[in-house]
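Visitor: Got a structure here, written out as structure tokens. Questions coming.
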Amino acid sequence: LASLEAHPEPSVVNVSGVQIGGGHLGMIAGPCSVEDADRMHRIAKSVRDAGANLFRGGAYKPRTSPYAFQGLGEDGLKILREVGDEYGMPIVTEVTDPRNVELVAKYADMLQVGARNMQNFVLLTEVGRTSRPVLLKRGMSATIKDLLMSAEYVLSQGNPNVVLCERGIKGFDTITRNLFDVAAVPAVKALTHLPIIVDPSHATGRPDLIPPCALAGIAAGADGVHVEVHDCPEEAKSDGPQALLPDQYQELAKQMRQLAELF
Ligand code: PEP
Ligand code: MN
């Protein structure tokens, strides 16, 4: 179902009125974790004013350590919904557990399946049974074919609205958090009609590397860019060290729009 033979034209995924694919750029921005409501309002307003069209934040966080902040859960979903509505941005949030799919789908406009769950086939099947668009992130050790087979799990349940995301794969170099596989963008497009976006935040883990990699992603044909933004990275509950400040995002968003116009 994901193949170009099945569907030769590029798919456009509609996330509560915001289109991704077929020339429409998904500009997803927001903090790694949903935090207190005041902070979420500030960040949402700043990225909306910068030109983001989708707001992100995790209420259920897949943390390496069980002792690290795990997310605000349903309280976080409520904050995200309220903030998204106030600033007119559909919201994207991760679901980590098949038992929570129904709950998360009640609040979210788009369900994110994270890298660590790309091959959680029970979770993929459950999100495939909803009518919510799905942001499917490439697993850190997954091949492009693995990613497409995971998309197939969602599509085969009757949910055609899948957006793929290249977020970096495991490399050997510790200078960057992951290895940004920019060639995955055109390589995926040669195989599937599904839109693909890039996430230079998790791919690099470094604010100084996010703008060049975001722009490289667009130059390679990405249908959108996913960036973590925080107004006070030192206080962030997760992924503070890779967050862009609102001003930095504003500058990057302007450059991304200019570059996208060339295509
Ligand atoms: C995230 O988007 O905050 C996240 C956990 O991403 P990934 O699954 O790509 O690590
Ligand atoms: Mn994160």
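Visitor: Kindly give Rg over Rh for the chain, based on alpha-carbon atoms, with the Kirkwood expression for the hydrodynamic radius.
Guide: 0.92
Visitor: Here's another thing I want to ask about it. To check you understand DSSP bridge types, tell me what percent of the beta bridges within the chain (both residues inside) are antiparallel, rounded to 5.
Guide: 20
Visitor: Another question, then. Compute the distance in nm between two label points, each set 7 Å from the Cα along the Cα-to-Cβ direction, one at residue 69 and one at residue 245.
Guide: That separation, rounded to one decimal, is 1.9 nm.
Visitor: Just how far, in whole angstrom, is segment 131-153 from segment 14-42 if you go by their alpha carbon centroids?
Guide: Each part's Cα centre sits 20 Å from the other's.
Visitor: Whole-Å semi-axes of segment 135-263's equivalent ellipsoid, largest first, each the root of 5 times a Cα gyration tensor eigenvalue? Could you put the intermediate results ahead of the total?
Guide: Numbers: eigenvalues 122, 60, 40 Å².
Here the semi-axes work out to 25, 17, 14 Å.
Visitor: Please work out the average accessible area per residue across the chain, using the 1.4 Å probe convention, and give it in Å².
Guide: 42
Visitor: Place +1 on the Cβ of every Lys and Arg and -1 on the Cβ of every Asp and Glu in segment 13-261, take the dipole about the Cα centre, and give the residue among 171, 69, 216 whose Cα lies farthest towards its positive end.
Guide: 171
Visitor: Looking at the chain as a GNM with Cα springs under 10 Å, which of 192, 130, 174 has the largest mean-square fluctuation?
Guide: Sorting by GNM fluctuation, first place goes to 174.
Visitor: Next question, about the same structure. Would you grab the residues whose amide H sits under 5 Å from the one on residue 61? Only those 5+ places off in sequence or on another chain, please, with H modelled 1.01 Å from N.
Guide: The answer is 71.
Visitor: A further question follows. Take the Cα atoms of segment 1-153, build their convex hull, and give its volume per residue in Å³.
Guide: 114
Visitor: While we're looking at this one, here's another question. Tell me the label-point distance for the pair residue 122, residue 219, using the 7 Å Cα-to-Cβ offset, in nm and rounded to one decimal.
Guide: 4.4
Visitor: Can you give the direction-averaged projected area of the convex hull of the alpha-carbon atoms in segment 196-258, in nm²?
Guide: 3.9
Visitor: Also: At 222 nm, what value in deg cm²/dmol follows for the chain if DSSP H runs of at least 4 each add -39500 (n - 2.57) and the sum is divided by all its residues, to the nearest 500?
Guide: -10500 deg cm²/dmol
Visitor: What distance in nm lies between label points placed 7 Å from Cα along the C-beta direction at residue 156 and residue 175?
Guide: Spacing of the two 7 Å Cα→Cβ label points: 4.2 nm.
The values are calculated or read from the model by the stated rules, or taken from the named source; none is laboratory data. Fair warning: this is a prediction, and the values are worked out from it, not measured in the lab. Quick reminder, even Gly has a Cβ in these numbers, built from the backbone with ideal geometry, and neighbours come from all protein chains shown. We work out accessible area using only protein heavy atoms, side chains counted, and drop any ligands, DNA or RNA first. Shrake-Rupley method; radii C 1.70, N 1.55, O 1.52, S 1.80 Å.
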